[in-house]
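Let me begin by presenting the structure, written as structure tokens, before commenting on it.
The values are calculated or read from the model by the stated rules, or taken from the named source; none is laboratory data. Just so it is clear, the structure is predicted and the values come from calculations on it, not from any experiment. Every residue, glycine among them, receives a Cβ derived from its backbone with ideal geometry; neighbour counts consider all protein chains shown. Quick note on the areas: whole protein, heavy atoms, side chains included, nothing else; ligands and nucleic acids left out. Shrake-Rupley method; radii C 1.70, N 1.55, O 1.52, S 1.80 Å.
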Amino acid sequence: MKPIIQPKELLSLKQKGDNYILIDATNSKVARENYDNSHLDGALFVDGNEQLAEIGEDASKGGRHPLPSVEKFAHSLKSLGITAESHIIIYDTVFGGNSAARFWWMLTAVGHQKVQVLSGGMVATEKIGYPVNNNKVTPKEVSLYPVTDWQLPLADINEIEANVQREDYIVIDVREANRYKGITEPIDTVAGHIPGAVNVPFMSNLDSEGLFLTEEQLKEKYTAILDDYPVDNRAVHCGSGITACHTLLAITAAGLPTPKLYVGSWSEWSRSNKPIATEE
């Protein structure tokens, strides 16, 4: 199953009466309120802070959105009515970059086979006639999801620090260019980037309409960026391990091996007395 689904494909599934679980994974201070007011018909809500992260008191230890334990994640999946056989389709209101791709990564990392992110998110899907309402959706009662460990590759702060300056190791920073350059920092305490990291903003995975580039376009884009580096020497980060997953999704959709996710990302690095680079 392809990891990205187009709005028209989702609408076709609905019209045919196919079984799937639709998830609104928008993560913001008003995400739940907005969901309660309006969501794609049949969509359940997942809380990015409570169900897709284990937020601690000190962001220097794991960043702003550390991964939860797989055991806690299994209970979150149960609460959403998700089983190992479920077809999961995830969307958000920021083109997949606001926790939809993070949820995709987490499901894929525990071995879930049928999971897709909705290209263009809610806006693009509403435009083509998919019904939107504020109906209450109740998940099915299911057994606890069977999980063992995160199966996709991860990198921690020590690996990044030890390898980022090596010529055969690449760290991709997916934040917008002004944050990478240190011109502005709206979220974390210090502006700049990890010395040696390269900037490939996650929004460059999208076309002018906010839809993911085609598989061929993504393959051409990321083959050019990654081809000189061994598969095990590729890592991706963002501010707190959320939007990095958008680029991991794009690379996977291109048919390329999934790089490592540095979950702590800039939120951890910038609070840990590590070197910081800026550009004028």
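Give LYS16/LYS219; LYS61/LYS260; LYS140/LYS260 a once-over and call out the pairs whose C-alpha atoms are over 26 Å from each other.
Details: LYS16/LYS219 31 Å; LYS61/LYS260 18 Å; LYS140/LYS260 33 Å.
Correct reply: LYS16/LYS219; LYS140/LYS260.
Excluding ARG175 itself, calculate the net charge of residues whose Cβ lies under 11 Å from the Cβ of ARG175, where each Lys or Arg counts +1 and each Asp or Glu counts -1.
Details: positive: ARG179, LYS181; negative: ASP173, GLU176, GLU185, ASP188.
Net of charged neighbours comes to -2.
Here the 3J(HN,Hα) profile of region 37-52, calculated from phi with Karplus coefficients 6.51, -1.76 and 1.60 at θ = phi - 60°, is 7, 6, 8, 4, 3, x, 6, 8, 10, 10, 8, x, 7, 8, 9, 10 Hz, Gly and Pro shown as x. Accessible surface for the chain, divided over its residues, is 45 Å² per residue with a 1.4 Å probe. Against the set [x] 30, 20, 18; [y] 28, 22, 20; [z] 34, 24, 18, the structure's computed semi-axes √(5λ) of the Cα gyration tensor in Å falls on [x]. Loop-located GluC sites (Glu not before Pro) across region 107-208 with a Cβ neighbour count of 14 or fewer within 10 Å are GLU141, GLU167, with loop assigned by DSSP. In this structure the amide hydrogen of ILE5, modeled in the peptide plane, comes within under 5 Å of the amide hydrogens of VAL117, LEU118, SER119, none closer than 5 places in sequence on its chain.
The trypsin sites (Lys or Arg not before Pro) of region 16-102 that meet both conditions, a loop assignment by DSSP and at most 10 other Cβ atoms within 10 Å of the site Cβ, are LYS29. Taking only protein heavy atoms and a 1.4 Å probe, the accessible area of the chain is 47% carbon and sulfur. Backbone phi angles across region 131-143, fed through the Karplus curve with coefficients 6.51, -1.76 and 1.60 (θ = phi - 60°), yield HN-Hα couplings of x, 10, 7, 10, 5, 6, 10, 10, x, 6, 7, 9, 6 Hz in residue order; Gly and Pro are listed as x.
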